[in-house]
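The values are calculated or read from the model by the stated rules, or taken from the named source; none is laboratory data. Note that the structure is a prediction, hence the values are computed from the model and not measured. Note that we place each Cβ from the backbone using ideal geometry, even for glycine, and neighbour counts take in every protein chain shown. All accessible areas refer to the heavy atoms of the entire protein, side chains included, with ligands and DNA or RNA removed. Shrake-Rupley method; radii C 1.70, N 1.55, O 1.52, S 1.80 Å.
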Amino acid sequence: MYRLFIVEDDLGIANAVAAQAQAWNLQTHIVRDFSNVMHEFAEFSPHIVLLDIMLPGANGFELMDYIRPLG
């Protein structure tokens, strides 16, 4: 089963994406602590990352710079 890591600060959007992904038989994880995204990323070890650009206390582009080399 593929794992989808959802980095989205609008919980309504994040939950809707997670529900649809689960209907497609994907395991999902919605980030809750935006100050600790990389820790949650490492624990979940996703195959796919859905990353919002405008986040509280973080920039999606900067996070991608950290995530991309790990994939």
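The table below lists the values:
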read-out: Rounded to 5, the percent of DSSP beta bridges in the chain classed as antiparallel; value: 20
read-out: Amide H within-cut-off set for residue 49, under 5 Å, with H built and near neighbours excluded; value: 5
read-out: Calculated [θ] (222 nm, deg cm²/dmol) that DSSP helices of n ≥ 4 give over the chain, each run adding -39,500 (n - 2.57); value: -12000 deg cm²/dmol
read-out: At R0 = 25 Å, FRET efficiency that the Cβ-Cβ distance of residue 13 and residue 36 yields, to 0.05; value: 0.80
read-out: Region 30-40 - phi-based ³J(HN,Hα) in whole Hz, Karplus 6.51/-1.76/1.60, Gly and Pro as x; value: 9, 5, 10, 10, 6, 8, 9, 4, 5, 5, 5
read-out: Net charge of Cβ neighbours under 14 Å - reference residue 11; Lys, Arg +1; Asp, Glu -1; value: -4
read-out: Charge-dipole axis of the chain as Lys and Arg at +1 and Asp and Glu at -1 on Cβ define it, positive-most pick from 6, 19, 60; value: 19
read-out: Dipole magnitude of the chain about its Cα centre (Cβ charges: Lys, Arg +1; Asp, Glu -1), debye to nearest 20; value: 260
read-out: Phi-based couplings in Hz for region 11-23 (Karplus 6.51, -1.76, 1.60; Gly and Pro marked x); value: 4, x, 5, 4, 5, 5, 5, 4, 4, 5, 5, 5, 5
read-out: Principal axis box of the chain, alpha-carbon based, largest edge first, Å; value: 30, 26, 16
read-out: Carbon + sulfur, % of accessible area of the chain - ligands and nucleic acids excluded, 1.4 Å; value: 55
read-out: Mean separation of Cα contacts under 8 Å, 6 or more apart, over the residue count of the chain: relative contact order %; value: 39
